[in-house]
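Accompanying notes for the structure given below.
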Amino acid sequence: MEISKSLTIAGSDSGGGAGIQADLKTFQELSSYGMSVITAVTSQNTKGVHDVHPIPMKHIASQLEAIATDVNPQAVKTGMLGDMDTIHLIADRVRQYEWKNLVVDPVMVAKGGARLLEEQAVSTIKQTLIPLASVVTPNIPEAEALTDKQIKTMEDRKEAAVLLAQMGAQTVIIKGGHGTEDKVSDLLFDGEEFTIYEGERYSTRNTHGTGCTFSAAITAELAKGNNIRQAVTVAKEFIELAIKEDLHIGSGHGPTNHWAYNQYYKRNGIN
Ligand SMILES: Nc1ncnc2c1ncn2[C@@H]1O[C@H](COP(=O)(O)OP(=O)(O)OP(=O)(O)O)[C@@H](O)[C@H]1O
Ligand SMILES: Cc1ncc(COP(=O)(O)O)c(N)n1
């Protein structure tokens, strides 16, 4: 059996809850071999982002090349990209290396409020990365920034999803973590049909890196050859358990529990 390989192109979170660290933990838990291209090193903990060191463009390019010339991933996700030049470089290399199953998580602002993408680069994501995306996974504020529309109701979310599909994404998932309903609902649009994934909204501060973890789980499942709906079903279960069975690490917004999914199945005697 061929081993599935997943690549994340994102920022490092020294606190271990989001970014590259959340992605690699998720790939590992879902049995996909994880690789990384680091775009920036953040000094970060559960209380916030304290410093950001962007990786020089030349070195981002050489990380991408090192992977492409040896071990090709079956699925790739992007997270924190920082600026326009980095986005252009990544879009260029994804095309050049013919990488398929691109999951674009358009990370813009950290939970604590620090900007992880310069404001002018939002339009670069729209123009260069979304047209290459198999899936784009904005949260509600990111969907508003990408479509220039306020999102209050489910109808607004559907309109935004259609606009994002018109920009070229094959599938759009607008995540509902920032919504105000009692239940949390993620909206999927595949260009034809809408599907709402509704689940319990857990009351916890430990939601640092939920978006990174969710998109990484989709990536790992696509790398294994699953289709998008199968991948989202696993990713929803993975993130729900990771939030529900939280770890209480740090004194701010703690990370999610990346091993909860596998522990749940072990507890229930399923391997
Ligand atoms: N309190 C919660 N209870 C249950 N599920 C949640 C909760 N918060 C978020 N989720 C789920 O987590 C996933 C990520 O959603 P969210 O909207 O929080 O993304 P995000 O804002 O990009 O995350 P982050 O910026 O923390 O990485 C979605 O599947 C969403 O439904
Ligand atoms: C390197 C990196 N990537 C992504 C996030 C977003 O996660 P959150 O919105 O939970 O802070 C982050 N804080 N840091």
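The values are calculated or read from the model by the stated rules, or taken from the named source; none is laboratory data. This one's a predicted model, so the numbers in the text were calculated from it and none came from an experiment. Quick reminder, even Gly has a Cβ in these numbers, built from the backbone with ideal geometry, and neighbours come from all protein chains shown. These accessible areas exclude ligands, DNA and RNA; they are computed on the full protein's heavy atoms, side chains included. Shrake-Rupley method; radii C 1.70, N 1.55, O 1.52, S 1.80 Å.
Summary of the geometry: region 250-270 and region 154-169, compared by the centres of their Cα atoms, lie 32 Å apart.
Considering only Ile228, Ile130, Ile173, the Gaussian network model of the chain with Cα springs below 10 Å gives its largest mean-square fluctuation to Ile228.
Most mobile of Ala110, Ala242, Ala165 per a Gaussian network model of the chain (Cα springs, under 10 Å)? Looking only at Ala110, Ala242, Ala165, the biggest GNM fluctuation is shown by Ala110. Note on the chain: with a GNM built from Cα contacts shorter than 10 Å, the maximum mean-square fluctuation among Asp186, Asp156, Asp148 falls on Asp148.
For the set Ile20, Ile3, solvent exposure ranked by accessible area (probe 1.4 Å, protein chains only) runs largest to smallest as Ile3, Ile20. Using the Cβ-Cβ distance between Lys100 and Thr233 with R0 set to 35 Å, the FRET efficiency works out to roughly 0.95. Spin-label model, Glu181 to Gln150: label points 7 Å out along the Cα-to-beta-carbon direction sit 2.0 nm apart. Take the alpha carbon gyration tensor of the chain, find the square roots of its eigenvalues, order them as a ≥ b ≥ c, and report rounded if a/c is under 1.5; if not, report prolate when a/b exceeds b/c, else oblate. Since a/c stays below 1.5, the shape of the chain is classed as rounded. With 28 Å as the limit, the listed pairs Lys149/Lys244; Lys47/Lys100; Lys5/Lys175; Lys126/Lys152; Lys175/Lys244 have Lys149/Lys244; Lys47/Lys100 beyond it between alpha carbons. Where both bridge residues fall in the chain, DSSP classifies roughly 40% of the beta bridges as antiparallel.
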